[in-house]
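Peer 1: Below is a structure I'd like to ask you about.
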């Protein structure tokens, strides 16, 4: 994946959540490309105190498309499978938009 950090400061945010945001953006870029729209993606990370900001730009590459297809296949296998995986509760789960799907 080709990415360029435009501005970088010292951050203490969660790397796992950064990765989730990155792959969500790459998925959107892939959907747009399928419709003939070629764009560069941008993620902005702002610290809680709003004084520090980091911006990362992403260009969709062939290796990204392969990973997206792989992730989609994994999701389809999970959805079509007979066994529901056990929920694994982590610190950030309580703030997750999907919390109710796992724990309620």
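The values are calculated or read from the model by the stated rules, or taken from the named source; none is laboratory data. Keep in mind the model is a prediction, meaning the values are calculated, not measured. Here the Cβ is made from the backbone with ideal geometry for all residues, glycine too, and neighbour counts use every protein chain on show.
Peer 1: Looking only at residues in segment 15-37 that are surrounded by fewer than 12 Cβ atoms within 10 Å (Cβ to Cβ) and modelled with pLDDT under 90, which one is nearest to the chain's Cα centre (by Cα)?
Peer 2: Top of the filtered list is 19.
Peer 1: Shifting gears a bit: Where residues in segment 72-104 are modelled with pLDDT of 90 or more and in a loop (DSSP other than H, G, I, E, B), which of them is farthest from residue 18 (Cα to Cα)?
Peer 2: Among residues in segment 72-104 that are modelled with pLDDT of 90 or more and in a loop (DSSP other than H, G, I, E, B), the one farthest from residue 18 (Cα to Cα) is 82.
Peer 1: Could I ask something else about it? How many of the residues in segment 31-64 are within 30 Å of residue 91 (Cβ to Cβ) and in a helix (DSSP H, G or I)?
Peer 2: Adding up the residues that qualify gives 1.
Peer 1: Out of everything in segment 38-60 that is touching a helix residue (DSSP H, G or I) at 6+ places or on another chain (Cβ under 9 Å) and more than 25 Å from residue 97 (Cβ to Cβ), what residue ends up being surrounded by the fewest Cβ atoms within 10 Å (Cβ to Cβ)?
Peer 2: Among them, the one singled out is 38.
Peer 1: Taking into account only those residues within segment 70-88 that are loosely packed, with under 11 Cβ neighbours inside 10 Å and within 19 Å of the chain's Cα centre (by Cα), which is nearest to residue 41 (Cα to Cα)?
Peer 2: Per the stated criteria, the residue is 70.
Peer 1: For segment 90-104, name all the residues that are loosely packed, with under 10 Cβ neighbours inside 10 Å and either closer than 20 Å to residue 26 by Cβ or touching a helix residue (DSSP H, G or I) at 6+ places or on another chain (Cβ under 7 Å) (or both).
Peer 2: Of everything in segment 90-104, those that are loosely packed, with under 10 Cβ neighbours inside 10 Å and either closer than 20 Å to residue 26 by Cβ or touching a helix residue (DSSP H, G or I) at 6+ places or on another chain (Cβ under 7 Å) (or both) turn out to be 97, 98.
Peer 1: Return yes or no: is residue 10 loosely packed, with under 12 Cβ neighbours inside 10 Å, at pLDDT below 90 and farther than 25 Å from residue 102 by Cα?
Peer 2: In short, yes.
Peer 1: Residue check, residue 63 against (1) exposed (fewer than 12 other Cβ atoms within 10 Å of the Cβ); (2) without any contact (Cβ under 8 Å) to a residue 24 or more places away in the chain, all met but one. Which one?
Peer 2: All conditions pass for residue 63, except number (2).
Peer 1: Keeping to segment 45-65, report how many residues are in contact with a strand residue (DSSP E or B) (Cβ under 7 Å, 6 or more places away or on another chain) and at pLDDT 85 or above. Talk me through it step by step, then tell me what you get.
Peer 2: Step one: of segment 45-65, the residues in contact with a strand residue (DSSP E or B) (Cβ under 7 Å, 6 or more places away or on another chain) are 45-46, 53-59, 61.
Cutting the leftovers down to at pLDDT 85 or above gives us 55-59, 61.
Selection size over segment 45-65: 6.
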